[in-house]
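Data block below; observations after.
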């Protein structure tokens, strides 16, 4: 990886003192465009270690508003580990140690005093396997607004539930069965219910960790259409093993390899004209 070029990276000041430069982490050697003009979510020099395992190595990536970024790469390359850094899900793993800077709208999310519960409302997560609560469809969506005190009346709560289910493309299918359990829905409906539950607390960023891996092609197509619609209101970062899915839903694609961010670029460029050999080997099936 030492030979990776830094083409497209934002230029750093050459006037920094030599002493500071000596202690600064090396600039990530990522090909393409990991930085954006108006970043909303910024990650700089992020490292993650699980004990002696160095899972993420000096990764810098910025996300703008109303953008879908797909994270691709072979199993074990660090995609999901990186995703879990963005709303501090790695805090639940005792041996995990995260260093570097991750900022949401200019605020360091790892700073002392940050309310992690509030952070996870701002940066929601949709997991690989649908995980509705053992409650009614209504209560699944109402859970977050109730816990965060977002409503003062039942009428307001009803509105949030209705709007969230509608945004998730589920309202027409469940409006007459809101008191049925969430687990009574089909797999694709359960995943859309989980998305409705996520957006009910008005997040700014939605993280998706292989959200379609357990779904059939029809349900997958519904989720992909939904991702495209949700981009109007949210920034979305999706981990996927399907390169076809990345090509369909994202504006930029980031390729990870052995914990390093190898290449980030416009999705069409990554899949038609990758700049790095490792990226090309992966998308053409020669590796991974």
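Each value in this text was obtained by applying a stated rule to the coordinates, not by laboratory testing. Quick caveat: nothing in here was measured; it's all calculated off a predicted structure. So basically every Cβ, Gly included, is an ideal-geometry build from the backbone, and we count neighbours across all protein chains shown.
Counting only DSSP beta bridges whose two residues both lie in the stretch 28-283, roughly 55 percent are antiparallel.
If each residue of separation counts as 0.36 nm, what is the full-extension length gain between residue 229 and residue 216 once their alpha-carbon separation is subtracted? Spell out each step's value before the answer.
On the way: separation 13, 0.36 × 13 = 4.68 nm, distance 2.02 nm.
Value of the extension gain: 2.7 nm.
For the chain, the longest principal axis of the C-alpha atoms and the axis of helix 137-147 are separated by about 60°. Dimensions of the stretch 28-283 along the principal axes, based on C-alpha atoms and rounded to the nearest Å, stand at 53, 43, 34, largest first.
So what's the angle, to the nearest 10 degrees on a 0 to 90 scale, between helix 187-199 and the longest Cα principal axis of the chain? That works out to roughly 80 degrees. Using the average count of surrounding beta-carbon atoms within 10 Å as a protection proxy, the listed peptides 265-271, 79-85, 112-118 rank, highest first, as 79-85, 265-271, 112-118.
Helix 217-230 and the longest principal axis of the Cα set of the chain meet at an angle near 80°.
Residues in the stretch 73-109 near a label at residue 49, defined as backbone nitrogen under 16 Å from the 7 Å Cα→Cβ point? From the stretch 73-109, the list is 94-101.
Considering only 68, 53, 126, the Gaussian network model of the chain with Cα springs below 10 Å gives its largest mean-square fluctuation to 53.
The overall shape of the stretch 140-288 is prolate: from the C-alpha gyration tensor, with semi-axes ordered a ≥ b ≥ c, the ratio a/c is 1.5 or greater and a/b exceeds b/c. Kindly list the residues of the stretch 201-242 that lie in the label zone of residue 37, defined by a backbone N under 20 Å from the point 7 Å along the Cα-to-C-beta vector. Counting only backbone N, you get 232-236.
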